[in-house]
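Asker: Here's a structure for you.
Nothing in this text is a laboratory measurement; each read-out follows from the coordinates by a stated rule. Here the structure is a predicted model, which means the values were calculated and not measured. Backbone-built Cβ (ideal geometry, glycine too); neighbour counts: all protein chains shown.
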Amino acid sequence: MVFTTNNIGNENLLLSGFGSCGINSIALECWGINFGNSNLFYNQSSVTDISLSTTNVCLVTINGIVKCAGENSQDQINGSSLANSDYLQFVEVNHSGNLPVNQVATTQDQICILDIGNNLFCQGLFDYYVDNSVAGSIIEIDSGEFHFCVKNSQMELYCWGDNTHSAIGSVQISDRIPQVIDVGSGYNVIDFDTGEKHTCLVRNDNKILCWGYRY
């Protein structure tokens, strides 16, 4: 497989405990995923974002359309009469937003979609909307096995979801309400990443902070 020098947030290979995806000169290919009996292909290399979970693989096209494959047991892909059907190829996701999609993140049975207006729509196991009054103007989203985290334009980090392994911090308010992560007075978040059951960030003093399973 020969990879291009573009896409998936300037990356061409995505690895996780749920599977792997890579972009070559003509297509996106995913392998080692938990559903289906063969590799999963998307026949265009114009993919701007991708997310993997135990139940779904989702991508965003260059035209701002989000497509997913995998389970639909919680209506996370399609809430119509096709609910509870598995999709073995990528299909367009039905969601309540009306602007082009910028990023997508998926956990088990849950998909969150960030559009170009910084609006965040989540659907599946829970259906809810996160506006700027809750977590500020969101510019980036990532997901673990059962939790989501976002960074806003003020360089703050908010997380929510299942906190069994403290992946969203030591105190949980709600599994559907983002809560700000305390990174220390006077510091902000330069970068972050979510693992399956943990979260790590880089502060503006280049210090790395991690919490969750085995931290």
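Asker: Using a ≥ b ≥ c from the Cα gyration tensor of segment 21-135 (square roots of the eigenvalues), is it rounded, prolate or oblate, where a/c under 1.5 gives rounded and otherwise the larger of a/b and b/c decides, a/b for prolate?
Answerer: Cα axes put segment 21-135 in the oblate bin.
Asker: Could you list the square roots of 5 times each eigenvalue of the Cα gyration tensor of segment 96-215, that is, the equivalent ellipsoid semi-axes, sorted largest first and rounded to whole Å?
Answerer: Value: 22, 17, 12 Å, ordered largest first.
Asker: Let me ask you something else. Pairwise over distinct Cα atoms, reciprocal of the mean inverse distance: report the Kirkwood radius of the chain in Å, one decimal place.
Answerer: 17.4
Asker: Once you have a ≥ b ≥ c as the square roots of the Cα gyration tensor eigenvalues for segment 11-78, tell me rounded if a/c is under 1.5, and otherwise prolate or oblate according to whether a/b is larger than b/c.
Answerer: On the way: a/c = 1.80, a/b = 1.21, b/c = 1.49.
Note, shape of segment 11-78 comes out oblate.
Asker: State the Cα centre-to-centre distance between segment 182-212 and segment 108-166 in whole Å.
Answerer: Cα centres, segment 182-212 to segment 108-166: 16 Å.
Asker: Across segment 20-30, in residue order, what do the Karplus-derived ³J(HN,Hα) couplings come to in whole Hz, using 6.51 cos²θ - 1.76 cosθ + 1.60 with θ = phi - 60° and x for Gly and Pro?
Answerer: Values per residue, Gly and Pro as x: 9, 9, x, 10, 9, 5, 10, 7, 9, 10, 10 Hz.
Asker: Quick one: Ser185, Ser20, fewest Cβ neighbours within 10 Å first, how do they rank?
Answerer: Ascending Cβ contact count within 10 Å gives the list Ser185, Ser20.
Asker: Sticking with this one: What lysines could a cross-link reach from Lys197, if we take a straight Cα to Cα line under 24 Å and drop same-chain neighbours fewer than 8 places away?
Answerer: Counting by Cα, and skipping residues close in sequence, Lys197 has these lysines nearby: Lys151, Lys207.
Asker: Still on this model: As a test of the definition: which semi-axes, in Å, follow for segment 135-198 when you take the square root of five times each eigenvalue of its alpha carbon gyration tensor? Largest first, please.
Answerer: 18, 12, 11
Asker: Mind checking the full-extension length gain between Asp182 and Gln44? Use 0.36 nm per residue of separation minus the Cα-Cα distance, one decimal, nm.
Answerer: Stretched out fully, the Asp182 to Gln44 stretch lengthens by 45.6 nm.
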